[in-house]
Amino acid sequence: MALRFPDPLPGRLDALEVDRTLAAVEKLLARRHKLVARQVATGTVHLRAARAPSARRYEWQVSADGAKWSSAPSTRQPTTTLTDLPPDVTWFRERAVIGFRGRPWCIVRLEEPNPV
């Protein structure tokens, strides 16, 4: 027999439902918001993101482990080329800033660290 507790706030979403809803929205945005990283030379990576309507700027970050991030210069276009990167930097992320709010980060990992 399962115990049932009264809803403390009838008609409101509980924290778990809110988390699930936010995760679903972020997943949908990530599907529509693509980021591509291509190494063009040793220590140089070209990044291209989907254009965001009304974006004021695009913020870029790099990481060696996908946990600690360092900012790269922001741009007004959805592309940038980062140079003089250490060899262990293989994670990149981008977000468009619309108004004063940033969209969710779009993350990509460079699978082939050596240029073809």
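One chain, two ends: ARG57 and THR44. Fully extended at 0.36 nm per residue, the span grows by 2.5 nm beyond their Cα-Cα distance. Positive contributions from Lys and Arg (+1) and negative ones from Asp and Glu (-1), summed over other residues with Cβ under 13 Å from the Cβ of SER70, come out at -2.
Counting Lys and Arg as +1 and Asp and Glu as -1 over every other residue whose Cβ lies under 9 Å from the Cβ of CYS106, the net charge comes to +3. Using 0.36 nm per residue and subtracting the Cα-Cα separation, the extra length available between ASP88 and TRP105 on full extension is 4.0 nm. Amide H to amide H distances under 5 Å link LEU110 with TRP91, PHE92, where only residues 5 or more positions off or on other chains count and H is placed in the peptide plane. With contacts taken as Cα pairs under 8 Å at a separation of at least 6 residues, the range 37-109 carries a relative contact order of 35 percent. Among 63-72, 86-95, the peptide with the highest mean count of other Cβ atoms within 10 Å heads the list, and the full ranking is 86-95, 63-72. A simple charge model with +1 on the Cβ of Lys and Arg, -1 on the Cβ of Asp and Glu and nothing else charged puts the dipole of the range 37-109 at about 440 debye relative to its Cα centre. Along the axis of the charge dipole computed for the range 37-109 (Cβ charges of +1 for Lys and Arg, -1 for Asp and Glu, origin at the Cα centre), the listed residues TRP91, THR79, VAL62 are led at the positive end by THR79.
Every number in this text was worked out from the coordinates using simple rules, so none of it is lab data. On a predicted model such as this, the values are computed, not experimentally measured, just so you know. Using ideal geometry, Cβ is built from the backbone for each residue, glycine included, and neighbour counts are taken over all protein chains shown.
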